[in-house]
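In what follows, a single structure is set out as structure tokens and then discussed.
The values are calculated or read from the model by the stated rules, or taken from the named source; none is laboratory data. Source: prediction; values computed, not measured. Every residue, glycine as well, gets a Cβ built from its backbone with ideal geometry; the counts of neighbours run over all protein chains shown.
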Amino acid sequence: MVDVRHGSRPRIITVPGATVVLNIGLIFAGAAILISLLTRTTAADTTIGPLPIALALLALVVGIPHGAVDNLTFTRQLTRRERLLGATAYIAVAAASALAIIQWPGIAFVAVIAMTVWHFGTGDVEATRELQDLSPVTGFVRIGYALALGSAPVLLPLTSPAAIATLTAIEPQLATLMSEQVIVGTRIAVLTLVVLCLLWLIQRGDLRGAVELFALAALGFVASPLVAFAVYFGFWHALRHTARLAQVTYGTINWRSLALVSKGGLPSVVGFLAIVVLAVAFVDPSLAMGPALWFGLAIVWGLTVPHMIMVARFDARMRSQRS
């Protein structure tokens, strides 16, 4: 049921689809942890088997479309001129960000990771509250909660032995950033923040919030970093953001509205799969792939910068309306 009285934005009262979307993230996070343990491809391993890779690819395919439908975050249809100017600005910001990452890999890498933590964390705070029809979290509590939700699936996998070995191999300049002191300090800080937020959630009776945060921390700490990030990205962050867009755009959350939102991102999925197939079929694994992988990561991270900016505007507007 959806409340549409007084011409206001459709408000979720009881939408089974919202509960399903929330539960999918938990289910796949648990499955990823279990698969990582059973296949012995945990965060401490530098090798990964075919089953975790298949799970990661599936998750990425599910998650990629959500970043290609930023036009749905606007409150109205844009004119042709506005669309052209918007697309030009979007590409310009992405290109500048990618070039900065390539030119200054150290400081740019840290900046992008910090933005990613904030983007994922605030996105999850807003999505979780909206999909449960709860009032927004504000102030310093929101900041701490967002940092915990964002750092658990980003910083914990990133500071795992497997991720450190991969990152320093594809971009040697990052080796100076990934010192043992930085790794240990980051993990202690993240786990401390997670524990504090868990105590806060339990104290206020938010059992679901506590279970979700614990699941994200366990996923980031245990699973192989590729699997941890891909599963979180596809089945948690992206799916919840898609559900929010479906609610705003079509007034309800079900498989049809989710598919309609995702339809705009299908070209991105096709392009991603084409690149994967070409790489597997024609690239010799014995070649030094470090520079190529870093270049690819720079492009992906560059594209996420304007996406983060647009979603931040969307979050602010939605939070204001709900307040």
Residue match in segment 96-103 (condition: under 30 Å from ILE253 (Cα atoms) and among the hydroxyl-bearing types (Ser, Thr, Tyr)): no
Breaking point among (1) over 30 Å from TRP294 (Cα atoms); (2) surrounded by fewer than 18 Cβ atoms within 10 Å (Cβ to Cβ); (3) aliphatic (A, V, I, L, M), for ALA111: (1)
Could you list, in sequence order, all residues of segment 167-198 that are of a type in the set (A, V, I, L, M, F, W, C), touching a residue at least 40 places away in the same chain (Cβ under 8 Å) and farther than 22 Å from ALA217 by Cα? ALA169, ILE170, LEU174, LEU177
Kindly provide the set of residues from segment 128-144 that are modelled with pLDDT of 90 or more and either charged (D, E, K, R) or closer than 26 Å to LEU258 by Cβ (or both), ordered by number. ARG142
Just give me the residues in segment 125-143 being in a helix (DSSP H, G or I), of a type in the set (Gly, Ala, Ser) and more than 21 Å from GLY25 (Cβ to Cβ), in sequence order. GLY139
Exactly one of THR166, THR88 is assigned to a helix (DSSP H, G or I), of a type outside the set (A, V, I, L, M), modelled with pLDDT of 85 or more and farther than 26 Å from ARG240 by Cβ, and that one is THR88
Criterion: under 28 Å from ILE107 (Cα atoms), buried (at least 16 other Cβ atoms within 10 Å of the Cβ), at pLDDT below 95 and of a type in the set (D, E, K, R) - qualifying residue of ARG244, ARG240, ARG187: ARG187
Residues that are out of contact with any Gly (no Cβ under 8 Å at 6 or more places or on another chain) and free of Cβ contacts under 8 Å to residues at least 24 places away in the same chain: list the helices (runs of 4 or more DSSP H) wholly contained in segment 223-269 that include at least 1 such residues. 239-250, 255-263
